[in-house]
Amino acid sequence: MKDPTPEEAALWGLTVEQARMPPVEVWPDNMQAVRVFSDMATQWEVGMAGVIGLRYQALESVLRLSRVARSDWPAVFDDVRVMERVALRYFRQQQELQDKQPK
């Protein structure tokens, strides 16, 4: 498999180096939550200080359109929140690194 171009990697919000990393294995029990989290990718709330979190107003629509069983909504929501917290931590770390770069 060839390396992605910077433009191709950017489509996923990645650098070429990040896109070269091996794929991540997702256990079947987590697949539904990962899909919902991925479907929420356009729903990040951004403020003056950077990313704040996901817009939960969109979550119900995503759950419905993804055909998640209503009985699974609480568990999927909990899992999405876990992924959101990890993503926010990553975004903050990346911002701190960027802030340390000479201007």
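Modelled spin labels at ALA75 and VAL24, positioned 7 Å past Cα toward Cβ, are 2.0 nm from each other.
Among GLN32, GLN43, GLN57, the residue with the largest mean-square fluctuation in a Gaussian network model of the chain, with springs joining Cα atoms closer than 10 Å, is GLN57.
Take the Cα radius of gyration of the chain and divide it by 2.2 N^0.38 Å, N being the number of residues; the result is 1.23.
Applying 1/(1 + (r/R0)^6) with r as the Cβ-Cβ distance of VAL86 and VAL16 and R0 = 22 angstrom yields a FRET efficiency of 0.45.
Throughout, read-outs are computed from the coordinates displayed, never taken from laboratory work. In this text the structure is predicted, and so the values were computed from the model without any measurement. Glycine also receives a Cβ, built like all others from the backbone with ideal geometry; neighbour counts cover every protein chain displayed.
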